[in-house]
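The values are calculated or read from the model by the stated rules, or taken from the named source; none is laboratory data. What you see is a predicted model, and the numbers here were worked out from it, not measured in a lab. Here the Cβ positions follow ideal geometry from the backbone for every residue, glycine too, while neighbour counts run over all protein chains shown.
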Amino acid sequence: MTTKRVVVCLDVKGGRVVKGVKFEGLRDVGDPVELAVKAEAEGADEVVFLDISATVEERATLLEVARATASQLFIPLTIGGGLSSVDDVTRALRAGADKVSLNSSIVSRPELLGELSARVGAQCVVASIDARRVGDQWKVFTRGGRTETPLEAVSWAQRCVALGAGEVLLTSIDRDGARTGYDLELTRAVADAVSVPVIASGGAGQASHLVDAFVQGHADAALVAGILHDGVTTVAALKRGLRDAGLDVRGVR
């Protein structure tokens with residue numbers, strides 16, 4: 001059985017961690033460095049740091065905050081937001097990132113995936129896909145969920161992997177912040193269509209939702225955010241729930 005990962009997401013805007021519902025109504029939930037350290041202490045397998053306003057504001061990601069976060073962590077750190085070139089990614093990796101997450105930039109210029117894979121290795125390159133149900137399809141959105149694209153999520157995920165992505169971070173905009181569970185149909189469709197790990201994102205409300213993402217959604221990792229920030233549960237409690245469901249997880253406390 002493949003070991004399942006619990007990934008803690010820190011959405012950062014203006015140097016602070018924020019959280020909303022369906023990418024809207026953002027509220028301040030704390031300091032990114034403090035929350036990253038807390039997540040690691042509770043047993044998180046990885047931390048994802050997303051500068052959610054960088055692309056919209058057309059500026060580089062807040063590397064000084066990323067650097068401060070990375071300096072305190074021993075677990076892998078993924079940085080995303082505003083990364084649109086090989087040079088941007090190189091700077092993020094030098095700031096302490098183990099992986100980089102790209103969304104809008106690879107929709108605009110898919111060949112960037114291949115350039116990055118050749119330069120830093122596919123294992124460092126995460127294709128971030130924000131998807132929303134539109135009619136009978138899951139359409140890909142960019143610019144923090146603001147802009148609909150013609151792309152369909154499953155076929156886009158396949159193309160990203162073919163171009164050089166080593167992992168897919170798949171977020172359901174419809175489920176984001178709702179705490180009603182991940183979009184299992186979407187997650188399973190993408191996970192079954194690609195040969196790389198898929199991180200399910202959007203909708204975690206309790207440990208059983210993570211179990212469903214792994215068992216029914218065929219995800220390799222599950223991303224959590226709001227339920228941790230609001231003190232609803234902890235990484236340790238989530239991992240105990242996964243272990244009790246018979247799943248293989250690291251560092252259960």
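Restricting D176, D183, D244 to those that are among the acidic types (D, E), surrounded by fewer than 21 Cβ atoms within 10 Å (Cβ to Cβ) and at negative phi reduces the list to D244. Every condition in (1) under 19 Å from V134 (Cβ atoms); (2) surrounded by fewer than 20 Cβ atoms within 10 Å (Cβ to Cβ) holds for S195 except the one numbered (1). Pairs linking a residue in the stretch 225-253 that is more than 16 Å from R27 (Cα to Cα) and modelled with pLDDT of 95 or more to a residue that is in a helix (DSSP H, G or I) and of a type in the set (K, R), with Cβ atoms under 8 Å and 6 or more positions apart or on different chains, are V249/K239; V249/R243. Can R175 be described as of a type in the set (K, R) and within 19 Å of A39 (Cβ to Cβ)? It is false that R175 is of a type in the set (K, R) and within 19 Å of A39 (Cβ to Cβ).
For A222, indicate whether it is of a type in the set (A, V, I, L, M), surrounded by 20 or more Cβ atoms within 10 Å (Cβ to Cβ), over 27 Å from L26 (Cα atoms) and touching a residue at least 24 places away in the same chain (Cβ under 8 Å). When the stated conditions are applied, A222 does not pass them.
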